Amino acid sequence: MVFKSREARGARRETREKFITAFLGILLLLVAMPSTAYERRSAVVETVARAGPAVVNIRTEQIVRRQTSPFFGFGDSFFNDFFNQFTHTRSFRTQALGSGVIIDSQGFLVTNAHVVEKASKIYVALPGERKERQASLVGIDPSTDLAVIKVVTEEPLPSLDFAADDDLLLGETVIAIGNPLGLENSVTTGVVSAPKRRLPDGEGGVSLFIQTDALINPGNSGGPLLDINGRLIGINTAIAQQAQGIGFAIPVNIVRRIVDDLISHGRIRPVYSGILPGEISQTMVRSRGSGGVLVTEIDSASPAERGGVQVADVILEVDGIQVNSASEYLSLLRTYPPGAEIKLVLLRGEGEVEALVKLAELPRDYAFSYFARVFGIVVDEDPQGVMVAEVLNDSPAARIEIRRGDRLVEIAGQSVENLREFQPRVEATLGRFPLRLVIYRGSRGYMIELPGNRMRR
């Protein structure tokens, strides 16, 4: 009986221990369940939930006119000339898709210039709305691939805040939202692969981008790149066609500068430093192992002169970014607004010095004085467009025999029909050497490359 009693007590103890274990397991499960549910709402989830309503789908329509013929070409100029009389022009309507982001509750949106630049009509699909809204173009800047559009709204729209600065960290988590292939509010995540990636702009200058491995697909163009706190740090713009996990976004400081000018002024206000840049010699490049920008001339009472820059200085860096050519220097300046202060690192003699230059807005008629001083061409307007009114002696224009009375019809691939167009065309090419022009002399057209008056060191 004693043995049975001990056995019974042992069984009861075992049962009690099993019960306690089971109870604690259930209790832990109950405690853990809310925690697990909470953890699903990560920082990424919260950011997407806040930002998603401000990301829109953009659809554009473009009217394309093409000449068509009912006949096939015979490969012979006689027959082609004959059948050309039967050609006629047909209009085709094409569509394209992109993304955009609302940056102001009153209906201002930012997107890529290439999404809307050729559009005859722009439509915006807001999240949660079945009917598209037609948008108007506020302003566009093809050089940075940014544009601002606007939709009419009676109620405040959800919008995104700009990040305060562009001090991104290598490896920092980023989120891309867009509408690739029309798939609304598609989300990808990744990291910052390079905070300030320099890429050639195709015109001898450079453009700065955020490089990320967050997947950016066709249709993502114009959508936002966000930090983990939901702030706008860039506008997605391009992908590397022959690689995976390489995408690029326009940094927020450039976006803010362009957007502010387009909304407030309808155009990009060119900045002015007072420096006429030139190229350093290849001998100096090889001796230093890197390039730079030669200060060939400084305007009197200009920001550069007030900042202590001197003729024959070599500009090595602009705000910590190395520059290797005049085009690179000028393309970087275009990312700053008038009134911004930049720090230049200069090579003076055998040592390096620093100079702080507060940029101003480019003087109104600077393009005309620049064109005369650098190329030796004084222009005037006539009924047929822009005319060469004078060619200065011993100038680059005189040396290649440009003549008074020649008509200037194109600058760097952009048509010029009057002095109003002449000014921004020249401003966009400041410091570019050689400068490609198309002139007409009588009924004949000539394409020429015009060198500038440049010092070399």
- Query: Limited to region 197-219, what total is found for residues that are in contact with a Gly (Cβ under 6 Å, 6 or more places away or on another chain) and hydroxyl-bearing (Ser, Thr, Tyr)?
  - Reply: 1
- Just one of Gly245, Gly202, Gly219 is within 30 Å of Pro434 (Cα to Cα) and part of a loop (DSSP other than H, G, I, E, B); which is it? Gly202
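A quick yes/no check of all residues on (1) within 20 Å of Phe433 (Cβ to Cβ); (2) buried (at least 16 other Cβ atoms within 10 Å of the Cβ); (3) touching a Cys at 6+ places or on another chain (Cβ under 9 Å); (4) free of Cβ contacts under 8 Å to residues at least 60 places away in the same chain:
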residue: Ile298; (1), (2), (3), (4): yes, yes, no, yes
residue: Ala304; (1), (2), (3), (4): yes, yes, no, yes
residue: Gly320; (1), (2), (3), (4): no, no, no, yes
residue: Tyr329; (1), (2), (3), (4): yes, yes, no, no
residue: Gly339; (1), (2), (3), (4): no, no, no, yes
residue: Leu346; (1), (2), (3), (4): no, yes, no, yes
residue: Gly351; (1), (2), (3), (4): no, no, no, yes
residue: Glu354; (1), (2), (3), (4): no, no, no, yes
- Message: Being in contact with a helix residue (DSSP H, G or I) (Cβ under 8 Å, 6 or more places away or on another chain), in contact (Cβ under 8 Å) with a residue 60 or more places away in the chain and of a type in the set (Gly, Ala, Ser) is the requirement here; does Ala360 meet it?
- Response: yes
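Do we find a residue being in a helix (DSSP H, G or I), of a type in the set (A, V, I, L, M) and surrounded by fewer than 20 Cβ atoms within 10 Å (Cβ to Cβ) anywhere in region 253-262? Explain how you work it out, then say what you get.
Looking only at region 253-262, we keep the residues that are in a helix (DSSP H, G or I), and these are 253-262.
Within this subset, residues satisfying the condition of being of a type in the set (A, V, I, L, M) are 254-255, 258-259, 262.
From what's left, surrounded by fewer than 20 Cβ atoms within 10 Å (Cβ to Cβ): none.
Within region 253-262, not a single residue is in a helix (DSSP H, G or I), of a type in the set (A, V, I, L, M) and surrounded by fewer than 20 Cβ atoms within 10 Å (Cβ to Cβ).
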- Item | Selected residue (criterion: surrounded by the fewest Cβ atoms within 10 Å (Cβ to Cβ)) from residues of region 151-177 that are of a type outside the set (A, V, I, L, M) and under 17 Å from the mean Cα position of the chain (by Cα) | Asp165
- Note on the structure: Quick count over region 316-356, residues being part of a strand (DSSP E or B) and among the charged types (D, E, K, R), is 6
- Message: Which condition from (1) modelled with pLDDT under 90; (2) assigned to a loop (DSSP other than H, G, I, E, B); (3) touching a helix residue (DSSP H, G or I) at 6+ places or on another chain (Cβ under 7 Å) is the one that Pro277 breaks?
- Response: (2)
- Query: Where in region 87-180 are there strands (runs of 3 or more DSSP E), lying fully within it, with 3 or more residues that are closer than 29 Å to Gly245 by Cα?
  - Reply: 88-102, 108-111, 146-151, 173-178
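Condition check ((1) touching a Lys or Arg at 6+ places or on another chain (Cβ under 8 Å); (2) of a type in the set (D, E, K, R)) across all residues:
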{"residue": "Val388", "(1), (2)": "yes, no"}
{"residue": "Asp394", "(1), (2)": "no, yes"}
{"residue": "Asp406", "(1), (2)": "yes, yes"}
{"residue": "Ile411", "(1), (2)": "yes, no"}
{"residue": "Asn418", "(1), (2)": "no, no"}
{"residue": "Arg425", "(1), (2)": "no, yes"}
{"residue": "Phe433", "(1), (2)": "yes, no"}
- Counting just the residues of region 243-274 that are out of contact with any strand residue (DSSP E or B) (no Cβ under 6 Å at 6 or more places or on another chain) and closer than 22 Å to Gly219 by Cα, which one comes out modelled with the highest pLDDT? Ile254
- Query: What residue, of Leu232, Leu226, is buried (at least 24 other Cβ atoms within 10 Å of the Cβ), in contact (Cβ under 8 Å) with a residue 60 or more places away in the chain and among the hydrophobic types (A, V, I, L, M, F, W, C)?
  - Reply: Leu226
- Note on the structure: Log entry, pairs with first residue in region 91-118 being under 13 Å from Ser136 (Cα atoms), second being among the charged types (D, E, K, R), beta carbons closer than 8 Å, six or more apart or on different chains, reads Gly107/Lys150; Phe108/Lys150; Leu109/Lys150
- Item | Those residues of region 127-143 which are within 14 Å of the chain's Cα centre (by Cα) and either modelled with pLDDT under 90 or more than 22 Å from Ser207 (Cβ to Cβ) (or both), in sequence order | Pro142, Ser143
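Residues checked against (1) part of a loop (DSSP other than H, G, I, E, B); (2) within 26 Å of Ser331 (Cα to Cα); (3) in contact with a Pro (Cβ under 8 Å, 6 or more places away or on another chain):
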{"residue": "Ala389", "(1), (2), (3)": "no, no, no"}
{"residue": "Gly405", "(1), (2), (3)": "yes, no, no"}
{"residue": "Val426", "(1), (2), (3)": "no, yes, no"}
{"residue": "Gly431", "(1), (2), (3)": "yes, yes, yes"}
{"residue": "Arg436", "(1), (2), (3)": "no, yes, no"}
- Message: Could you go through region 400-416 and let me know if any residue there is over 31 Å from the mean Cα position of the chain (by Cα), surrounded by 19 or more Cβ atoms within 10 Å (Cβ to Cβ), modelled with pLDDT of 90 or more and outside the structural domain of Arg334 (by TED's automatic domain parsing).
- Response: yes
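The values are calculated or read from the model by the stated rules, or taken from the named source; none is laboratory data. Note that the structure is predicted; figures quoted are calculated from it, not measured. All Cβ positions, even for glycine, are placed from backbone atoms using ideal geometry, and neighbour counts span all protein chains on display.
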